[in-house]
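Asks: Encoded as structure tokens, here's the structure I'll be asking about.
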């Protein structure tokens, strides 16, 4: 007898729904848009000395991959946006993956390959290439029996949401929906996370009259009420807005990995050492304790802080150069623990 459709959908929801997970180790982004950074070997020493066992790389710089090889540090490795058009078939994807990653570092150290970064809004030229590149790389990983070890996804800016407040009304920009649905379908099929770059700093800096500093930092300010849930953290609200947006499109249960978040120490009135220490400290405690968010309590959230060092060659606003948790000589910019 054919099972009722509603039963099938219920089972599918259970299969893909996140279940409570153990606490996560915090990850850190290792950006390199600077001309004064320590050597890769010095960076590895810094990571190990501070108990940092998970980092995000934005490209496949071979000297950095070589230095990380054999260290036991887990990696998220980025595929630059401009590479995507060349990954137009499984053979080209296999060649690129072998040459730029697998010939340099063991697959055992690779947790994620982040295919592109904020393509849907920042680099729309590459949008048509994203999901085909993901599928071609996935086919290669299947051939190598690595599809369960290495997950593929693509970090998106928080601005892909047209509505993010209150979190329960989270919705993707309708202009992006055709491509977004293709991405979500891929993530659901491959049981990979949705990757989001989330910066409460930007929201607070642009709206200080309407967003309290305590709420932006994730402190103990008066909670915001939404559909029976309480939020005292703009970060939590942003994550749950993504969850609601995915549910709205019929993709409940896809986990969220926050691939960038942080607070600058200088370059803006809203920046500062004390604020960066408070914000990043709150994020670390939430992550390592497996707190989750109001919509997904107890579901450990994976987070990568931005970033290791100030990057003195980044363009844009002055604060873009001041997200470093460490100075280039390896000293912490402020007192913070990663465990």
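Asks: Hey, among 231, 199, which residue is closer than 18 Å to residue 294 by Cβ and in contact with a strand residue (DSSP E or B) (Cβ under 7 Å, 6 or more places away or on another chain)?
Replies: Exactly one residue qualifies, and that residue is 231.
Asks: How about the range 31-44: which of its residues are surrounded by fewer than 18 Cβ atoms within 10 Å (Cβ to Cβ) and either within 19 Å of residue 195 (Cα to Cα) or touching a residue at least 60 places away in the same chain (Cβ under 8 Å) (or both)?
Replies: 33, 34, 35, 36, 38, 42, listed by residue number.
Asks: Filtering the range 317-332 down to residues that are farther than 18 Å from residue 279 by Cβ and touching a residue at least 40 places away in the same chain (Cβ under 8 Å), which residue is surrounded by the fewest Cβ atoms within 10 Å (Cβ to Cβ)?
Replies: Filtering first and then ranking leaves 329.
Asks: Could you please find all residues in the range 157-198 being more than 18 Å from residue 253 (Cβ to Cβ), under 14 Å from the mean Cα position of the chain (by Cα) and part of a strand (DSSP E or B)?
Replies: Correct list: 157, 197.
Asks: How many residues does the range 41-71 contain that are closer than 25 Å to residue 152 by Cα and part of a helix (DSSP H, G or I)?
Replies: 9
Asks: Report whether or not residue 82 is at pLDDT 95 or above and under 18 Å from residue 28 (Cα atoms).
Replies: no
Asks: Let me ask something else. Mind listing whichever residues of the range 199-232 are part of a loop (DSSP other than H, G, I, E, B), within 28 Å of residue 187 (Cα to Cα) and either at pLDDT below 95 or touching a helix residue (DSSP H, G or I) at 6+ places or on another chain (Cβ under 6 Å) (or both)?
Replies: 227
Asks: Shifting gears a bit: Taking the range 87-106, which residues are surrounded by 21 or more Cβ atoms within 10 Å (Cβ to Cβ) and either assigned to a loop (DSSP other than H, G, I, E, B) or in contact (Cβ under 8 Å) with a residue 60 or more places away in the chain (or both)?
Replies: Across the range 87-106, the qualifying residues are 87, 105.
Asks: Would it be correct to say that residue 58 is closer than 27 Å to residue 84 by Cβ and at pLDDT below 95?
Replies: Against the criterion (closer than 27 Å to residue 84 by Cβ and at pLDDT below 95), residue 58 does not qualify.
Asks: Additional query: Name the residue that is farthest from the chain's Cα centre (by Cα), counting only residues in the range 296-316 that are outside any loop (DSSP other than H, G, I, E, B) and under 17 Å from residue 237 (Cα atoms).
Replies: 297
Conditions (1) free of Cβ contacts under 8 Å to residues at least 40 places away in the same chain; (2) out of contact with any helix residue (DSSP H, G or I) (no Cβ under 6 Å at 6 or more places or on another chain); (3) crowded, with 20+ Cβ neighbours inside 10 Å; (4) outside any loop (DSSP other than H, G, I, E, B), marked per residue:
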| residue | (1), (2), (3), (4) |
| --- | --- |
| 108 | no, yes, no, yes |
| 117 | no, yes, yes, no |
| 125 | yes, yes, no, yes |
| 137 | no, no, yes, yes |
| 140 | no, no, yes, yes |
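Asks: Sticking with this structure for a sec: Can you tell me which residue among 114, 133 is touching a strand residue (DSSP E or B) at 6+ places or on another chain (Cβ under 8 Å) and under 22 Å from residue 302 (Cα atoms)?
Replies: Checking each option against the conditions leaves just 114.
Asks: If the Cβ limit is 9 Å and pairs must be 6+ apart or interchain, which residue in the range 53-80 that is at positive phi pairs with which residue that is surrounded by 15 or more Cβ atoms within 10 Å (Cβ to Cβ) and assigned to a loop (DSSP other than H, G, I, E, B)?
Replies: Correct list of pairs: 70/105; 72/53.
Asks: Among the numbered conditions (1) under 25 Å from residue 255 (Cα atoms); (2) more than 21 Å from the chain's Cα centre (by Cα), tell me where residue 123 comes up short.
Replies: Here residue 123 clears every test but (2).
Asks: Among the residues of the range 254-295, which ones are in a loop (DSSP other than H, G, I, E, B), under 17 Å from the mean Cα position of the chain (by Cα) and modelled with pLDDT of 95 or more?
Replies: Residues satisfying the conditions are 254, 255, 262, 263, 293.
The values are calculated or read from the model by the stated rules, or taken from the named source; none is laboratory data. What you see is a predicted model; the values in this text were computed from it and never measured. As a convention, Cβ positions derive from the backbone with ideal geometry for all residues, glycine included, and neighbour counts pool all protein chains shown.
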